Amino acid sequence: MLESLKKMFSGNEGEIPVNTGSKPDISREKSAALYEKAKTFFPGGVNSPVRAFKSVYGTPLFIQKGDGCFVWDADGNQFIDFCGSWGPLILGHNHPKIREKVTEVMQSGMSFGAPTALENELAELIIKNNKHVEKIRFTSSGTEAVMSAIRLARGYTGKDKIIKFEGCYHGHTDALLVKAGSGLVTFGETSSLGVPKSFAEETIVIPLNDTAALTAAFDQFKDQVAAVIIEGIPANNGLLIQDQEFIDFLQKICKEHQALLIFDEVITGFRLGFEGAAAYYGAKPDIVTYGKIIGGGLPVGMYGASAEIMGHISPDGGVYQAGTLSGNPVAMAAGIAQLTELLRSGFYKELNNKAAEFAESIQRFATARNYAFKVFNVGSIFWFAFTDQTKIQTAEAIDPASMEKFKVMHRELLNRGIYLGPSGYEVGFVSAAHTKIELEKAKRAIFDALDLVFRNK
Ligand SMILES: *Cc1c(COP(=O)(O)O)cnc(C)c1O
């Protein structure tokens, strides 16, 4: 999502060049017509920039229906979907348990702006099964959760500066729409028009997986850092799996400087396991943020911490944060239904094994043919990288030129009934609804696409 932010301004309209592959291009007549109409209503024809297909060929597909691991577009093309609404759909599309619960709750009305028992129910499911939070607050998006977590950290510590890492995306809140300037430790430069320079100066941006940069940042901004925010495992700009030593060091240095550690687990929460990346690393973040999976496909975000830290949130404390539709009963119902399924014993083991097998077998194919291609995988998240590096842990290590190969692959996969997010910087997700049969089909399509990408190697 980070990269697509830049792409939004780059104006590649994605004209489809002549297809030199073995499959004809799918029909996009109806999608293309809908897109033309959408462009008269919405900037770029979309309500979130990456959906506009600026980084791949062709016009965006308008989705009509989803079921299990499949989606169908307006032209009736069927795809095995690895985007999963960008992560929330860990059980696949239109899961019967979620649909039934939501439908049942909706019969009694859709919003009250007053507390409901459903909020307690979802909160109890989370807090009972997660050692990182004692109290929580629901929001309506991941962005809101992160924005509130930052305010909480500032309110709690009485300090203003935030350290973030280049290559991490935390939603579109002003304080975090910043990128690194030149030099090891820098004030952020805004990465969007409309963000005041003075806001960006409160955010320090440093490279991932770099203990020296972290030390230098804390030295330079002594006693000013309220919090360090990091994605549980950075998965918005490639999949940048951090070393255990780095996460350990990060915790240690935050403690030394009385800065809070915020794990933004909007993707990784309930994805790597019920307790997300914090459990994966055995880390103890001070504040965690969730989104995506937590709402079962409806708009829910959440931030949480110890009871002591959360005691600073209004009305208990002086940090203000609110939401007309926060804890919306229909959204809570979807979250309850989804998280209940995730708590079944063996759920993650089965899902993660399936994803690992999928990733490994694609890697074996590429390696056997000497293709400069690497499948990075953690839990049920995977990322296809056109590289011969065995590790990619920073944004700087990604070669932008490799994205041309992804473009070709994306198109070949669409033509073979496989839907990936429309950018080579985005990760893919395996859901519980992907059966061995569909994963096998997807693999064959991926092998064919790789052969085509590397044909003129
Ligand atoms: C998606 C995402 C967000 C933003 O969530 P929205 O619901 O899109 O506002 C924040 N942080 C991370 C790590 C994300 O992946």
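The values are calculated or read from the model by the stated rules, or taken from the named source; none is laboratory data. Everything quoted here is computed from the prediction, not taken from an experiment. Methodologically, a virtual Cβ is constructed for each residue, glycine included, from the backbone with ideal geometry; neighbour enumeration extends over all protein chains shown. With ligands, DNA and RNA removed, areas are computed over all heavy atoms of the protein, side chains included. Shrake-Rupley method; radii C 1.70, N 1.55, O 1.52, S 1.80 Å.
Principal-axis analysis of the Cα atoms of the chain puts helix 211-220 at an angle of about 40° to the longest axis.
Given 161/252; 65/101; 374/436; 391/443; 179/443; 30/407, which pairs have Cα atoms separated by over 27 Å?
179/443
Site pair residue 258 and residue 279 shows an inter-label distance of 3.3 nm when each label is modelled 7 Å from Cα along Cα→Cβ. If I fit a long axis through the Cα atoms of helix 142-157 and take the longest principal axis of the Cα atoms of the chain, what angle between them do I get, 0 to 90°, rounded to 10? The helix 142-157 is inclined about 20 degrees to the chain.
Taking a spot 7 Å from the Cα of residue 356 along the direction of its beta carbon, which residues of the stretch 416-457 have an amide N less than 20 Å from it? Counting backbone N atoms under 20 Å from the label point, the list is 428-437, 439-440, 443. Given their separation in residues at 0.36 nm each and the Cα-Cα distance between them, residue 120 and residue 223 gain 33.3 nm when the chain is fully extended.
Taking all protein chains as shown and a probe of 1.4 angstrom, residue 324 keeps an accessible surface of around 120 Å². Approximating the spin labels as points 7 Å out from Cα along Cα→Cβ, the residue 243-to-residue 40 distance works out to 5.7 nm.
With a 1.4 Å probe and all protein chains kept in place, how do 86, 383 rank by accessible area, largest first? Mind showing how you got there, number by number?
Values: 86 40, 383 5 Å².
Listed by decreasing accessible area, they come as 86, 383.
Give the residues of the stretch 261-282 whose amide nitrogen is closer than 16 Å to a point set 7 Å from the Cα of residue 85 in the direction of its Cβ. 266-271, by backbone N distance to the label point.
At 0.36 nm per residue, and after removing the present C-alpha to C-alpha distance, how many nm does the segment from residue 440 to residue 134 gain when stretched out fully?
In short, 106.0 nm is gained.
Taking the stretch 245-280 and a reference point 7 angstrom along Cα→Cβ of residue 308, the backbone N atoms nearer than 19 Å belong to 251-263.
Across the chain, Cα pairs under 8 Å and at least six residues apart give a relative contact order of 21 percent. Rounded to the nearest 5, the antiparallel percentage of DSSP beta bridges internal to the stretch 119-260 is 40%. The residues of the chain present an accessible area of 42 Å² per residue when probed at 1.4 Å with all protein chains retained.
Taking a straight line from the alpha carbon of residue 23, these aspartates and glutamates sit under 15 Å away, with near neighbours fewer than eight places off in the same chain left out: 412, 448, 451. Estimated at the nearest 10 Å², the accessible area of residue 390 is 110 Å² with a 1.4 Å probe. Counting only alpha carbon atoms, the long axis of helix 244-256 and the longest principal axis of the chain meet at about 20°. Ordering 78, 382, 277 by Cα displacement along the dipole of the chain toward the positive end leaves 78 in first place; charges were set at the Cβ atoms of Lys, Arg (+1) and Asp, Glu (-1).
Ellipticity at 222 nm from helices only: DSSP H runs of n ≥ 4 in the chain, each -39500 (n - 2.57), divided by the residue count, give -11000 deg cm²/dmol.
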